[in-house]
Amino acid sequence: MLKYPNTIQSKLPNVGTSIFTIMSALANEHNAINLSQGFPDFPIDPELIELVNKQMRSGANQYAPMAGMPQLR
C-alpha cells in the first residue's frame, strides 16, 4: 500500500460543481465546441512553453485585475 506523507490540502474545499464542469458536460452532451475554457487539440510551441515558464517564475502568475493592467490601458 502506497502512503503519501505530503498530501496537498485543497484551498477550495466543498465548493461544489464548478461552472467549468457544467459547461464541459453541456458541450459534450450537445457535441458542441466548449468556449468556456481552452482545450487545445494541437501541439504547443516549445517557445511558448519557455515564455510562459519565464513569466511564471518572475511572478506573473495571477489573473489580471478586472480593470486591466495599467500598462495595457
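A few points about this structure:
- Shown here for the range 1-65: trypsin sites (Lys or Arg not before Pro) in loop regions (DSSP other than H, G, I, E, B) with at most 10 other Cβ atoms within 10 Å, namely Lys3, Lys11.
- Mean ellipticity per residue at 222 nm, deg cm²/dmol - from DSSP H runs of n ≥ 4 across the chain, formula -39500 (n - 2.57): -9500 deg cm²/dmol
- Whether the chain is rounded, prolate or oblate, judged on the alpha carbon gyration tensor where a/c under 1.5 counts as rounded: rounded
- Calculated on C-alpha atoms, the gyration radius of the range 19-59 divided by its Kirkwood radius gives an Rg/Rh of 1.18.
No value in this document is a laboratory result; all are computed from the given coordinates. Because the structure is a prediction, the values reported are computed rather than measured. Counting neighbours? That spans all protein chains shown, and the Cβs are built from the backbone with ideal geometry, glycine included.
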